Amino acid sequence: MPEKTRLLTPGPTPLPECVRLALTRDMLHHRKSEFMAIMRRAQESLRLLFGTAGPVLPLSCSGTGAMEAAVYNLFQPGEKVLVAEAGKFGQRWGQIAAARKLEVVTLSAPWGKAVTARDVEEKLKGDPAIAGILLQHSETSTGVLHPVREVADICRRLDTLAVVDGISAVGICPCPMDEWGIDCLLTGSQKGLMLPPGLALLALSPRAWKKAEISPPDCFYFNLVKERDSLAGKGQTNFTSPVNLIVGLDESLAFLLKDGLEAVYRKQWALTMLARAGVSAMGLNLFARENFAWGITSVLLPEGLDGARVLRCAAEKFGVLMAGGQDHLKGRMVRIGHMGHVDWADVAAGLFALNQGIKEAGGFCGARDYLEQALAAWRAALAVSPGEALPVTHS
Ligand SMILES: *Cc1c(COP(=O)(O)O)cnc(C)c1O
């Protein structure tokens, strides 16, 4: 049995020690001043992280709960929405919209590709009744980044809402909500935020709030207007807060932001370069060629190789847990998560475990010096001068 386990999955992600310690604190009362001070402090960091002047609401649910809350509060049954679907999580938007009895128009891209801003614009222009677009920033099932900045820009011009699932993007790659004009940005606790699952965070733009205020959401628990008002008025949540998770959040935000937001993105970018260079040097195919996500690298396995066996070997022999593919990519893909509290040594261990797993499953293993190549790419990415912009947009 390996002595250490390394969690290189796209959520949950490893917890920093300071967060683990914060989580063990005894209960604070969610209506008393000590807890409210923590809520207020967390708000300041959350606004910085989301890039918004508005409130960032904590919700007691996993990320999907925040997706549902967004759909129920922003749209009424019968309204039409455009869903960008290029993977498992895009499909989820469609399922939630259908549950809300919205009319769903789908814009699909093949798995491994992003939707294009041009196609989004065409769909929206062709149907002015579309009240919003639902999309992922990072589609975690394929490791692709959708052009959120461009899409939000189009949405502002065409007066429709841009609703963004940033669950595997917030705290991982830049997604400044106000600057880009995003109307709803949401995330979950167990990815870039380095917390256990169970807490979601959601923010709306002023025009999204206006829409949410028009009519109540036809559900009892996730009433965003009421949540906003109790946060603004009392620094509290409507119902009992997930106290430990918020105490942990306060700690994880301090840990994440200690060198500023720019440093977070530069670290994540460099780890992404490390993973991609290592995979390429091994002679494997990266599933997302362009518009690739940060924080997750999706790798196509050679034809005929048993992906489950690769993952099992990596876990059992080397203690490295990675994810497989979903749906038709099950058994054919490995997804290496490198978001949150993960460093170069973790990702290098992941590459090594992947390489050994492939060998054990009867595959080839590419260049001998794949780890050197990977680390050289990481160092080169870190050496980009601080003034130089990171590649945040689509080509
Ligand atoms: C992880 C993830 C989800 C699902 O979140 P849960 O916390 O499991 O509900 C949704 N969307 C994206 C993009 C994700 O990465």
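The values are calculated or read from the model by the stated rules, or taken from the named source; none is laboratory data. Just so you know, these numbers come straight off a predicted model, no measurement behind them. Cβ coordinates were reconstructed from backbone atoms using ideal geometry, including for glycine residues, and neighbour counts include every protein chain displayed. Accessible surface is based on the protein model in full, side chains and every heavy atom, while ligands, DNA and RNA are left aside. Shrake-Rupley method; radii C 1.70, N 1.55, O 1.52, S 1.80 Å.
Tabulated data
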{"quantity": "Hits in the range 208-219 (condition: modelled with pLDDT of 95 or more and farther than 23 Å from ALA152 by Cα)", "calculated": "none"}
{"quantity": "Qualifying residue in the range 293-306 (condition: of a type in the set (Ser, Thr, Tyr), more than 25 Å from the chain's Cα centre (by Cα), open to solvent by less than 20 Å² (accessible area, probe 1.4 Å) and not assigned by TED's automatic domain parsing to the domain that holds CYS175)", "calculated": "no"}
{"quantity": "Search result, residues across the range 206-248 that are without any contact (Cβ under 8 Å) to a residue 12 or more places away in the chain and under 23 Å from ILE38 (Cβ atoms)", "calculated": "ASP229, SER230, GLY233"}
{"quantity": "Members of the range 62-83 that are within 12 Å of the ligand (Cβ to nearest atom) and not in a helix (DSSP H, G or I)", "calculated": "SER62"}
{"quantity": "Options GLY94, GLY51; residue that is within 16 Å of the ligand (Cβ to nearest atom) and either out of contact with any helix residue (DSSP H, G or I) (no Cβ under 8 Å at 6 or more places or on another chain) or under 28 Å from GLU179 (Cβ atoms) (or both)", "calculated": "GLY94"}
{"quantity": "Condition check for GLU3: charged (D, E, K, R), under 30 Å from PHE255 (Cα atoms), more than 16 Å from the ligand (Cβ to nearest atom) and part of a helix (DSSP H, G or I)", "calculated": "no"}
{"quantity": "Residues within the range 232-247 that are open to solvent by less than 20 Å² (accessible area, probe 1.4 Å) and under 24 Å from the mean Cα position of the chain (by Cα), tallied", "calculated": "5"}
{"quantity": "Any pair with Cβ under 7 angstrom, 6 or more apart, that starts in the range 138-163 at a residue that is on the phi > 0 side of the Ramachandran plot and in the same structural domain as LEU202 (by TED's automatic domain parsing) and ends at one that is within 16 Å of the ligand (Cβ to nearest atom) and among the β-branched types (Val, Ile, Thr)", "calculated": "GLY143/ILE296; GLY143/THR297"}
{"quantity": "Residue match in the range 78-91 (condition: open to solvent by 10 Å² or more (accessible area, probe 1.4 Å), in contact (Cβ under 8 Å) with a residue 60 or more places away in the chain and in the same structural domain as SER215 (by TED's automatic domain parsing))", "calculated": "yes"}
{"quantity": "Residue that is nearest to the ligand (Cβ to nearest atom), among those in the range 166-189 that are charged (D, E, K, R) and touching a Ser or Thr at 6+ places or on another chain (Cβ under 7 Å)", "calculated": "ASP183"}
{"quantity": "Verdict on ALA169 being in contact (Cβ under 8 Å) with a residue 24 or more places away in the chain and closer than 29 Å to GLY337 by Cβ", "calculated": "yes"}
{"quantity": "Condition broken by ALA203, with the remaining ones in (1) out of contact with any Asp or Glu (no Cβ under 9 Å at 6 or more places or on another chain); (2) buried (at least 23 other Cβ atoms within 10 Å of the Cβ); (3) not in a strand (DSSP E or B) satisfied", "calculated": "(3)"}
{"quantity": "Number of the exception - PHE222 against (1) in contact with a strand residue (DSSP E or B) (Cβ under 8 Å, 6 or more places away or on another chain); (2) more than 12 Å from ASN73 (Cα to Cα); (3) open to solvent by 10 Å² or more (accessible area, probe 1.4 Å); (4) not small (Gly, Ala, Ser)", "calculated": "(2)"}
{"quantity": "Residue, surrounded by the most Cβ atoms within 10 Å (Cβ to Cβ), within the range 109-165, restricted to residues that are within 16 Å of the ligand (Cβ to nearest atom), among the β-branched types (Val, Ile, Thr) and assigned to a loop (DSSP other than H, G, I, E, B)", "calculated": "THR142"}
{"quantity": "Some residue of the range 356-365 being free of Cβ contacts under 8 Å to residues at least 12 places away in the same chain, out of contact with any strand residue (DSSP E or B) (no Cβ under 9 Å at 6 or more places or on another chain) and not small (Gly, Ala, Ser)", "calculated": "yes"}
{"quantity": "Filter result for ARG31 (of a type outside the set (A, V, I, L, M, F, W, C), modelled with pLDDT of 95 or more and not in a helix (DSSP H, G or I))", "calculated": "yes"}
